[in-house]
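Derivation of every value follows stated rules applied to the coordinates shown; laboratory data play no part. In this text, all values refer to a predicted model and were calculated from it rather than measured experimentally. As a convention, Cβ positions derive from the backbone with ideal geometry for all residues, glycine included, and neighbour counts pool all protein chains shown.
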Amino acid sequence: MKISGVTEHGERGRASLARVRAVANYQFESDVGSALFPEDIRITYSKKTGRLRHFYLEEKVIATLRPTDGFLSLTLEGAKRLAEALPPPRFRVVVREDVVTFIAEGKDVFARHVVDADPLLRVGEEAIVISPRGKVVAVGKALLTGKEMLGFKRGVAVKVRKGVNETRCEE
């Protein structure tokens with residue numbers, strides 16, 4: 001993959017930035033594209049297909065464009081930026097204080113641990129897992145709607161992709 005800044009890549013970089021901002025605005029149902037992807041974003045393109053892949057800000061990946069559906073998968077950095085750009089409770093799932101450490105390690109969120117959730121959250125959408133104190137704990141994919149998360153006492157509510165304290169074993 002070739003990493004290049006938007007300005008380094010000329011017209012293609014500007015078109016790529018406009019496209020990813022439009023995807024973010026559509027996916028997150030708000031005008032958040034500019035907040036998530038500022039002008040100094042760096043973009044990687046697939047070597048094989050030449051399509052958009054990853055988006056970097058200050059050497060950290062903030063999102064990946066999924067080739068299967070064309071939507072964004074946020075990293076923790078991207079989730080933090082989205083949480084700053086959108087007013088609560090949009091895309092947020094608040095969990096009980098006693099499970100924050102487990103979820104921060106990358107464990108899934110169960111419905112019984114949800115204290116509050118965005119009532120508009122749908123299955124398959126990006127979910128930002130928040131502690132009761134308002135800190136981003138993890139990011140993942142909603143497996144239940146926001147209303148179901150509050151109503152159910154069993155089952156996985158959010159499949160966590162990455163927790164803030166998660167470490168991966170490199171073998």
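The table below gives the values:
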read-out: Dipole magnitude of the chain about its Cα centre (Cβ charges: Lys, Arg +1; Asp, Glu -1), debye to nearest 20; value: 460
read-out: Dipole-positive endmost among Gly124, Leu17, Thr44 within the chain (Cβ charges, Cα centre); value: Gly124
read-out: Cross-link partners of Lys135 among lysines (Cα-Cα below 25 Å; sequence separation of 8 or more within a chain); value: Lys60, Lys80, Lys107, Lys147, Lys153, Lys159, Lys162
read-out: In Hz, Karplus ³J(HN,Hα) per residue of region 89-98 (6.51, -1.76, 1.60; θ = phi - 60°; x = Gly, Pro); value: x, 3, 6, 9, 10, 9, 10, 5, 4, 6
read-out: Helix 10-27 axis, angle to the chain major axis (alpha carbon atoms, nearest 10°); value: 20
read-out: Share antiparallel - DSSP beta bridges, the chain, percent rounded to 5; value: 90
read-out: Between 0 and 90°, nearest 10: helix 76-85 axis offset from the chain longest Cα axis; value: 80
read-out: Given [x] 11, 38, 31, 16, 3, 0; [y] 10, 33, 28, 14, 7, 6, 2, 0; [z] 7, 22, 12, 10, 16, 14, 8, 7, 3, 0, the label whose value is P(r) over Cα pairs in 10 Å bins from 0, in percent derived from this model; value: [x]
read-out: Point-to-point label distance, Glu97-Lys141, nm (Cα→Cβ direction, 7 Å offset); value: 3.3
